[in-house]
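One structure is given below, encoded as structure tokens.
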Amino acid sequence: MRANETSSKVFYKGKSDDFIVFVDDPTILQKWKNDSTIALADVLNGWKIFVTHKHGAQGVLDGASKASLENEFGTHDEEECVKKILHGGELQGYNQRERNGETNVSNGPRGNGN
């Protein structure tokens, strides 16, 4: 994925914590909600559940522990938790930050007239 492309995530505000999963395409997510025969692997962008430690949709993302999943969803089965997040969460789009860093700092400063 390029750094300036729009991506999508589903934000789930839980009782004990907030959770995020990333999705490839919002239209596939909508189709999946109506047709559970679509594989979750086709919906998700990476099979990982993130937790924001109650810092909302923009918080620092850490991998959700089995304990945090169990506390919120009553199970630590990731597939069941993902389904609950996708059904009960809010779809949000966001832009990745563009990367504008130096590409080769070992060459020293540029444009000094030497």
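What's the number of the only condition in (1) open to solvent by 50 Å² or more (accessible area, probe 1.4 Å); (2) under 17 Å from the mean Cα position of the chain (by Cα) that Ser8 fails to meet?
For Ser8, the failing item is (1).
Pairs needed: first member in segment 41-54, free of Cβ contacts under 8 Å to residues at least 12 places away in the same chain; second member anywhere, open to solvent by 50 Å² or more (accessible area, probe 1.4 Å); C-beta distance under 9 Å; at least 6 residues apart or different chains.
What qualifies is Ala41/Trp47.
Restricting attention to segment 42-93, which residues are open to solvent by less than 80 Å² (accessible area, probe 1.4 Å), among the polar types (S, T, N, Q) and part of a helix (DSSP H, G or I)?
Ser68
Of the residues that sit in segment 37-61 and are under 10 Å from the mean Cα position of the chain (by Cα) and small (Gly, Ala, Ser), which one is nearest to Phe19 (Cα to Cα)?
The extreme case among them is Ala57.
Say we look at segment 62-83 and pick out the residues that are in contact (Cβ under 8 Å) with a residue 24 or more places away in the chain and closer than 20 Å to Ser7 by Cα; which of these is nearest to the chain's Cα centre (by Cα)?
Selected residue: Val82.
The values are calculated or read from the model by the stated rules, or taken from the named source; none is laboratory data. The model shown is predicted, which means the values in this text are computed figures rather than measured ones. Because the Cβ atoms are built from the backbone with ideal geometry, glycine has one as well, and the counts that use them run over all protein chains shown. We work out accessible area using only protein heavy atoms, side chains counted, and drop any ligands, DNA or RNA first. Shrake-Rupley method; radii C 1.70, N 1.55, O 1.52, S 1.80 Å.
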